[in-house]
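Structure first, commentary second.
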Amino acid sequence: MTSLSQTLATLALATAAGAVQACASCGCTLSSDWESQGFTNQPGLKVDLRYDYLNQNELRHGSGRISAADASQRTTSQGQPQEVEKYTRNNYLTLGLDYAFNADWGINVQLPYIDRSHQTLGTNSNGSAPAGGAYDSKTSSLGDVKVIGRYQGFTPQHNVGILFGLKLPTGNYTKTGISTDPTNPGDGAPIDRGLQPGTGTTDAILGAYFFDSLSRNWDYFAQAMVQTALNSKDDYRPGTGYNLNVGVRYMGYAAAMPQLQLNTRYVEHDRGASADQTSTGGTLVYLSPGVVVPVTKQASVYGFVQLPVYQYVRGVQLTPRYTLSVGARFAF
């Protein structure tokens with residue numbers, strides 16, 4: 001039975017590198033990969049390169065869809081006109097470096113590069129034409145780095161573990177876009193804090209996991225994790241996020257390893273004067289089928305698609321119809 005500690009560190013860290021304000025802050029990429037068999041039994045370095053695609057282009061209110069025209073008629077909790085978002089396209093390229101000191105201890109570092117384009121019609125819009133505060137933005141830069149340690153020496157089987165670490169404020173949170181507001185067009189429009197590559201905050205990450213065999217060819221795992229900001233930065237504090245993941249995989253084929261996960265994520269709303277406290281936070285449940293294909297004894301490739309089975313958002317937010325993850329993993 002292969003160790004799952006690497007995977008769960010990746011699960012904790014690969015949850016997309018930054019929530020998006022007013023664009024489904026609960027709609028980030030969830031965990032969608034499971035360490036391939038045979039890589040984590042031995043100490044040493046493992047490298048993972050992963051690409052995630054997340055296109056948030058569906059407006060939702062509560063658990064249902066809403067048109068842009070209807071969204072423009074809603075108000076915030078402060079009685080102000082609701083901002084109407086058009087889309088947020090996210091491309092994440094994440095380099096994961098994992099080092100196992102021994103069977104009990106290890107550390108995982110995730111370095112995300114974020115390419116994100118966003119368009120909003122602003123407030124006082126009719127749902128089709130730009131209005132006050134409308135802007136377009138395109139950001140491409142390093143996001144917030146995460147460093148997570150793990151310990152799984154609680155049982156002789158090393159199948160129960162804990163995760164503990166930090167998300168560091170390495171990503172930029174002051175980037176600007178191009179205003180499309182008819183009354184004030186031009187460069188230098190401020191981008192919503194939740195859409196920045198970084199949050200500006202240091203976050204604590206804590207988690208626990210368990211894994212075992214169901215039968216000769218079937219394994220399963222369960223993992224829970226929480227990430228919460230330890231401070232605020234320039235009147236912005238991202239909402240605390242809670243993840244619960246369960247999964248199974250079949251190992252009866254030599255050429256491929258099919259897997260299936262159920263990923264649940266709950267996020268509280270963002271806080272602070274610079275945050276959208278109305279249209280952030282919510283609950284997402286994803287069903288995530290995928291496959292890992294061994295290439296050599298030291299390398300594998302994988303691909304997963306995440307399909308939403310339940311979406312509930314606060315206020316009006318953009319959510320994705322699906323999330324795509326592909327990657328390659330190497331052991332040294």
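Per-structure values
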quantity: Filter pass, Asp192 being surrounded by fewer than 15 Cβ atoms within 10 Å (Cβ to Cβ), at pLDDT below 95 and within 26 Å of Tyr92 (Cα to Cα); calculated: no
quantity: Residue count for the stretch 118-159, restricted to those that are within 24 Å of Ile178 (Cβ to Cβ) and either under 24 Å from the mean Cα position of the chain (by Cα) or not aliphatic (A, V, I, L, M) (or both); calculated: 22
quantity: Restricting the stretch 262-277 to residues that are in contact with a helix residue (DSSP H, G or I) (Cβ under 9 Å, 6 or more places away or on another chain) and of a type outside the set (A, V, I, L, M, F, W, C), the residue that is surrounded by the most Cβ atoms within 10 Å (Cβ to Cβ); calculated: Asp270
quantity: Pairs, first in contact (Cβ under 8 Å) with a residue 40 or more places away in the chain in the stretch 134-151, second part of a strand (DSSP E or B) and of a type in the set (D, E, K, R), C-beta under 6 Å, six or more apart; calculated: Thr139/Arg116; Asp144/Lys167; Lys146/Lys167
quantity: Answer residue from the stretch 278-306, given it is surrounded by 19 or more Cβ atoms within 10 Å (Cβ to Cβ) and polar (S, T, N, Q) and is nearest to the chain's Cα centre (by Cα) among those; calculated: Gln306
quantity: Selection status of Phe164, at pLDDT below 95 and open to solvent by 20 Å² or more (accessible area, probe 1.4 Å); calculated: no
quantity: Test result for Thr180, touching a residue at least 12 places away in the same chain (Cβ under 8 Å), among the β-branched types (Val, Ile, Thr) and open to solvent by less than 50 Å² (accessible area, probe 1.4 Å); calculated: yes
quantity: Residues located in the stretch 307-332, provided they are in a strand (DSSP E or B) and surrounded by fewer than 14 Cβ atoms within 10 Å (Cβ to Cβ); calculated: Leu307, Val309, Tyr310, Arg321, Tyr322
quantity: Hits in the stretch 45-72 (condition: closer than 16 Å to Leu93 by Cβ, open to solvent by 50 Å² or more (accessible area, probe 1.4 Å) and among the aliphatic types (A, V, I, L, M)); calculated: Leu49
quantity: Selection within the stretch 114-146 - hydrophobic (A, V, I, L, M, F, W, C) and farther than 24 Å from Gln227 by Cα; calculated: Leu121, Ala129, Ala131, Ala134
quantity: Single condition Tyr250 does not satisfy, out of (1) surrounded by fewer than 18 Cβ atoms within 10 Å (Cβ to Cβ); (2) within 19 Å of the chain's Cα centre (by Cα); calculated: (2)
quantity: Residues of the stretch 73-92 classified as open to solvent by 70 Å² or more (accessible area, probe 1.4 Å) and either under 21 Å from Ser128 (Cα atoms) or at pLDDT 95 or above (or both), total; calculated: 6
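So that you can scan it fast, the table gives a plain yes or no per residue for (1) surrounded by 22 or more Cβ atoms within 10 Å (Cβ to Cβ); (2) at pLDDT 95 or above:
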| position | (1), (2) |
| --- | --- |
| Asp98 | yes, no |
| Asp115 | no, yes |
| His118 | yes, yes |
| Gly127 | no, no |
| Gln157 | no, no |
| Pro169 | no, yes |
| Gly188 | no, no |
| Thr201 | no, yes |
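The values are calculated or read from the model by the stated rules, or taken from the named source; none is laboratory data. What you see is a predicted model, and the numbers here were worked out from it, not measured in a lab. Here the Cβ is made from the backbone with ideal geometry for all residues, glycine too, and neighbour counts use every protein chain on show. The area values use the complete protein model at the heavy-atom level, side chains included, leaving out ligands, DNA and RNA. Shrake-Rupley method; radii C 1.70, N 1.55, O 1.52, S 1.80 Å.
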